[in-house]
Ligand SMILES: [Zn+2]
Ligand SMILES: [Zn+2]
């Protein structure tokens with residue numbers, strides 16, 4: 001069975017389609033999914049989904065692209081993270097691609113998430129885009145390695161991946177791995193240690209080939225796993241086994257259910 005380590009099931013395209021989406025997961029042998037929150041106002045909805053179904057988990061955090069979110073504190077994150085179905089803090093991180101100008105507020109928020117994760121003892125889900133250097137620097141300065149986590153929807157270089165792994169982090173590949181033009185990324189996926197790799201959809205975005213451009217859903221994570229198996233010349237079962245073991249090793253608060 002696979003795990004979709006990152007999806008946004010509370011988004012309207014998916015939440016209104018829950019039965020079909022769960023049916024498809026069962027057919028494609030996708031056993032679990034981690035539902036990621038992007039703002040605090042949407043967190044109760046994310047948590048409600050994780051509470052409704054044994055095989056869904058939740059994260060709590062504020063995505064770096066949501067500039068207008070009300071200020072929040074480290075205490076607030078720690079408090080919300082206390083719920084047993086919340087297994088991660090995020091998604092957080094830096095995005096210098098979507099937003100420009102003085103982004104000190106983004107870096108401050110990222111630091112707040114890291115401190116909260118260490119206090120709550122729940123790993124981080126990190127988003128980084130056109131900001132790898134600052135992301136790694138802040139991870140080091142804030143001792144993110146004390147709690148670890150995952151660099152989600154990874155699109156950076158091998159060097160960045162290895163530095164993150166050195167800090168105790170895992171690397172998660174999305175449907176981008178199946179895109180023909182993702183030449184460098186495919187090389188990264190071949191080179192990393194298998195015991196540090198996760199797979200995800202980031203649904204409803206980033207549907208893999210052959211669904212590129214359509215609405216993504218957790219069951220499509222199997223196309224990411226298939227691509228990984230092909231690239232590394234190992235069996236699909238081996239990718240299932242390794243990435244699922246990795247997920248439950250990292251998110252040790254998540255109890256697998258059959
Ligand atoms: Zn993201
Ligand atoms: Zn996301």
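A few points about this structure:
- As a length-normalised measure over Cα pairs under 8 Å and 6 or more apart, the relative contact order of the chain settles at 20 percent.
- Distance between the stretch 123-181 and the stretch 1-68 - C-alpha centres, whole angstrom: 21 Å
- In the chain, the DSSP-assigned H stretches of four residues or longer account for a calculated mean residue ellipticity at 222 nm of -12000 deg cm²/dmol, using -39500 (n - 2.57) per stretch and the full residue count as denominator.
- The stretch 187-258: C-alpha gyration tensor shape, a/c 1.5 cut-off, then a/b vs b/c: oblate
- One quarter of the convex hull surface built on the alpha carbon atoms of the stretch 109-196 amounts to 5.5 nm², the projected area averaged over directions.
- Rounded if a/c under 1.5, otherwise prolate or oblate - the stretch 62-167, Cα gyration tensor axes: oblate
- Sorted by Cβ density within 10 Å, fewest first, the residues 75, 42, 202: 75, 42, 202
- Counted by neighbouring Cβ atoms within 10 Å, the residues 7, 257, 153 run from fewest to most as 257, 153, 7.
- Gaussian network model of the chain, Cα within-10 Å springs - most flexible of 204, 218, 84: 84
- Using a Förster distance of 22 Å, the FRET efficiency for residue 104-residue 191 (Cβ separation, nearest 0.05): 0.05
- Mean separation of Cα contacts under 8 Å, 6 or more apart, over the residue count of the stretch 1-124: relative contact order %: 21 percent
- Ascending count of other beta-carbon atoms within 10 Å, so fewest first, for 22, 70: 70, 22
- As computed over the chain, the Cα convex hull volume per residue (Å³): 114 Å³
- A prolate overall shape is assigned to the stretch 1-85, the ratio a/c of its alpha-carbon gyration tensor axes (a ≥ b ≥ c) being 1.5 or greater and a/b exceeding b/c.
Where a number appears in this text, it was derived from the coordinates with a stated rule and is not lab data. Since this is a predicted model, take the numbers as computed values, not measurements. Cβ sites come from the backbone with ideal geometry, for glycine too, and all protein chains shown count toward neighbours.
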